[in-house]
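The values are calculated or read from the model by the stated rules, or taken from the named source; none is laboratory data. Bear in mind the structure is a predicted one, so any value in this text is a computation, not a measurement. Every residue, glycine as well, gets a Cβ built from its backbone with ideal geometry; the counts of neighbours run over all protein chains shown.
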Amino acid sequence: MKAIKVLILMGSKSDRPIMQKTEAVLEAFSIPYKTMVRSAHRTPEATVQAINDAEQAGCQLFICAAGMAAHLAGVVCSKTVKPVIGVPIASGPLNGEDALLSTVMMPPGMPVATVGINASKNAGLLAVQMLAQTDHVLAEQLKSGRAAQAAAILAED
């Protein structure tokens, strides 16, 4: 695996259209990342191997997207001390509410930062904010982006 700062894991290839918003954010900030399909339940060994390989490639945080039982973020959290961001995906009869609760209700000692259902753009931005803690260029880019966002809202008056 080439050098990366973020590993995006999706429970299924059907999550890709949603997670493309995360990828777009990381690309806009020139953050190296890799996206892989891994399942907490169907490919547990491959999931752990992906985590290990990513950490060896310099990965600083993980973004995990999954629907329904949505255990992917929790499994990743159990195998690393790096930050994990969970993206609950709307699917199944509960339209993502089950995934939201599965992702956000982690046991004590196993924190997963969780964004809203299908809120993959916010997952990307949260990743940038975390990385900006030690990267002043990213921090300045975030500040500029927020200022532009505010100006756009005020221009709607």
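List of remarks:
- Among all residues of the range 12-31, there is none that is aromatic (Phe, Trp, Tyr) and within 14 Å of the chain's Cα centre (by Cα).
- The lone exception for residue 104 - which of (1) of a type outside the set (D, E, K, R); (2) farther than 26 Å from residue 42 by Cα; (3) touching a residue at least 12 places away in the same chain (Cβ under 8 Å) it fails: (2)
- Residue 93 falls short on exactly one of the conditions (1) farther than 25 Å from residue 36 by Cα; (2) at pLDDT 95 or above; (3) not hydroxyl-bearing (Ser, Thr, Tyr), and that condition is (2).
- Where helices (runs of 4 or more DSSP H) fall entirely within the range 1-98, those with at least 2 residues that are out of contact with any strand residue (DSSP E or B) (no Cβ under 7 Å at 6 or more places or on another chain) and without any contact (Cβ under 8 Å) to a residue 12 or more places away in the chain are at 16-28, 44-56.
- From 70, 65, residue being within 22 Å of residue 92 (Cβ to Cβ), small (Gly, Ala, Ser) and at pLDDT 95 or above: 65
- Inspection of the range 101-111 finds no residue satisfying the criterion of being in a loop (DSSP other than H, G, I, E, B) and under 21 Å from residue 24 (Cβ atoms).
- Test: residue in the range 136-157 that is in contact (Cβ under 8 Å) with a residue 40 or more places away in the chain and either crowded, with 24+ Cβ neighbours inside 10 Å or under 12 Å from the mean Cα position of the chain (by Cα) (or both): no
- A count restricted to the range 100-122 and to residues that are farther than 15 Å from residue 76 by Cβ, buried (at least 16 other Cβ atoms within 10 Å of the Cβ) and among the small types (Gly, Ala, Ser) stands at 2.
- Within the range 112-122, the residues that satisfy the criterion of being of a type outside the set (Val, Ile, Thr), touching a Gly at 6+ places or on another chain (Cβ under 8 Å) and not in a loop (DSSP other than H, G, I, E, B) are 113, 122.
- All of (1) under 30 Å from residue 146 (Cα atoms); (2) in contact with a helix residue (DSSP H, G or I) (Cβ under 6 Å, 6 or more places away or on another chain) hold for residue 40 with one exception: (1).
- Within the range 44-62, the set of residues being surrounded by 15 or more Cβ atoms within 10 Å (Cβ to Cβ) and either modelled with pLDDT under 95 or of a type in the set (A, V, I, L, M, F, W, C) (or both) comprises 48, 50, 51, 54, 57, 59, 61, 62.
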